[in-house]
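Here's the structure we're looking at; comments come further down.
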Amino acid sequence: MQTVPATSANAVPAIGTRNPGIDLLRGLAIVLVVFNHLGLRIPLKKTALTDVLPAWLLSRLNYNGYEAVFVFFVISGFLISGNALRRWGSLEKIDLRAFYARRFARIVPCLLALVAVLSVLHLAGVRDYTIIHANQSLPRAIFAALGLHLNWYEGQTGYLPGNWDVLWSLSIEEVFYLGFPLVCLLTRRRRVLVPWLALLALSMPWTHAALRGNEIWQEKAYLPGMSAIAIGVLGALLADAWRPPRRTVVMLGWFGATGLGAVLLDGGALWHWLRDGYMLVLTLSSLCLVLCCRWRTDGGAALSLPGFGWLRSWGRLSYEIYLTHMFAVFAVVRAYRAWGGDPAHGWLWYLPALGLCWLLGAVVERWLSTPCERWLRRCLWKPAGAARPTTAELPVA
């Protein structure tokens, strides 16, 4: 059995170094989210593409957005925990001030800007952006978004307009990271922390099934999403402690690709056999791919498929695209309907929608998120001799 050379196995990527394979996976996830929100309004299975592609495939392209968010959760747990391990050596040595400062600097500027823009659009009565449910209000939606419980608020009152709705996953992720470093400091030992993380990770099928009476809350509850993040954290701990043989890494990659492909292409069949357990197949397969990408990079063989640079760029901009893509989706859908709304040609509108989503994300990253993050890091926390801040180490869904 061939093993990874010691010099490669012991190599540790610098903090903030981007992994092209993980960016590729994250890019796939954000594209699926965009396809989902377009498909709810312009279904591919009703377009002329059915003449050349099977309807089931077109349907799966449109309806994997929820699964894609769980891929994000796994990646986020892996990367943020992995960066913490490289920065402080172990999770029980996390610097609370530094950890929270980094999360705040990365998350808050775009979040505040989005909430401000959505509030103005609601007050102006702009269609697609106006909160219309009688039991919902703008002040309450703002409080839910900034208070990291928009998922709970929707579970109690119903769906908010699309641009608000995307914040449900941010509520889950940031609540996890508010408590995570405290748990690490309290447990103090990896052998104590790991069983709790494993219990949370394996609870996903049961916590997901237990909420079946409320469709919105079942999709957006805290525990299932936190279970996926916990799987990513466990993966980071494994990657930190073990360097497997190259053959094992390759097999892990194929296993992850097969499992993820099965969920994305035929999730219905897996649901028939596994019920809520198919969520574990999704998240564990995602972790296998992430681990494969990490270990291949450590071994000097990073995954960077030629011709997929555009998809990696989506991965690099995933946070900005995720928060802003509904502006592009609504604009394109409005144009599609104004042009006549011919379902047969609906697929053609996906191309400008994808371009606008990427462009908007790139503009927000260039002029808002990166400058604000750097400024906030300097204001909130900067250790002696710290390198210039980078956003690469702080990916979120």
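The values are calculated or read from the model by the stated rules, or taken from the named source; none is laboratory data. All of these numbers come straight from a predicted model, not from anything done at the bench. We place every Cβ from the backbone using ideal geometry, glycine too, and count neighbours over all the protein chains shown.
In the set (1) surrounded by fewer than 22 Cβ atoms within 10 Å (Cβ to Cβ); (2) under 24 Å from ASP165 (Cβ atoms); (3) of a type outside the set (Asp, Glu); (4) out of contact with any Phe, Trp or Tyr (no Cβ under 8 Å at 6 or more places or on another chain), the condition left unmet by VAL329 is number (1).
Sub-9 Å Cβ pairs linking a first residue in the range 239-258 that is in contact (Cβ under 8 Å) with a residue 12 or more places away in the chain and of a type in the set (Gly, Ala, Ser) to a second residue that is surrounded by 18 or more Cβ atoms within 10 Å (Cβ to Cβ) and outside any helix (DSSP H, G or I), at least 6 apart or interchain, are GLY253/LEU303, ordered by first then second residue. Restricting attention to the range 171-210, the residues that are free of Cβ contacts under 8 Å to residues at least 12 places away in the same chain and either polar (S, T, N, Q) or not in a helix (DSSP H, G or I) (or both) total 1. Residues in the range 259-273 that are within 25 Å of LEU211 (Cβ to Cβ) and either of a type outside the set (A, V, I, L, M, F, W, C) or in contact (Cβ under 8 Å) with a residue 60 or more places away in the chain (or both): GLY259, LEU260, VAL263, LEU264, ASP266, GLY267, GLY268, HIS272. Can you pull out the residues in the range 347-362 that are over 20 Å from LEU49 (Cα atoms) and more than 22 Å from the chain's Cα centre (by Cα)? Answer for the range 347-362, where residues must be over 20 Å from LEU49 (Cα atoms) and more than 22 Å from the chain's Cα centre (by Cα): there is none. Looking at the range 283-302, can you tell me whether even one residue there is within 28 Å of VAL249 (Cα to Cα) and of a type in the set (Lys, Arg)? Within the range 283-302, one or more residues are within 28 Å of VAL249 (Cα to Cα) and of a type in the set (Lys, Arg). Got at least one residue in the range 296-307 being of a type in the set (Lys, Arg), surrounded by 14 or more Cβ atoms within 10 Å (Cβ to Cβ) and at pLDDT below 95? Yes, some residue in the range 296-307 is of a type in the set (Lys, Arg), surrounded by 14 or more Cβ atoms within 10 Å (Cβ to Cβ) and at pLDDT below 95.
Condition (residue is surrounded by fewer than 17 Cβ atoms within 10 Å (Cβ to Cβ), among the aromatic types (Phe, Trp, Tyr) and farther than 30 Å from ALA209 by Cβ) applied to the range 312-324: is it met by at least one residue? Checked against the condition, which is being surrounded by fewer than 17 Cβ atoms within 10 Å (Cβ to Cβ), among the aromatic types (Phe, Trp, Tyr) and farther than 30 Å from ALA209 by Cβ, the range 312-324 yields no hits at all. Of all residues in the range 17-55, those being part of a helix (DSSP H, G or I), in contact with a helix residue (DSSP H, G or I) (Cβ under 8 Å, 6 or more places away or on another chain) and free of Cβ contacts under 8 Å to residues at least 40 places away in the same chain number 5. Among the residues of the range 129-161, which ones are touching a residue at least 40 places away in the same chain (Cβ under 8 Å), small (Gly, Ala, Ser) and crowded, with 18+ Cβ neighbours inside 10 Å? GLY155, the sole residue that qualifies.
Among the residues of the range 56-72, are any acidic (Asp, Glu) and closer than 30 Å to LEU270 by Cα? Taking every residue of the range 56-72 in turn, at least one turns out to be acidic (Asp, Glu) and closer than 30 Å to LEU270 by Cα. Looking across PRO109, PRO43, one residue alone is buried (at least 16 other Cβ atoms within 10 Å of the Cβ), more than 26 Å from LEU291 (Cα to Cα), in contact with a Cys (Cβ under 8 Å, 6 or more places away or on another chain) and modelled with pLDDT of 95 or more. It is PRO109.
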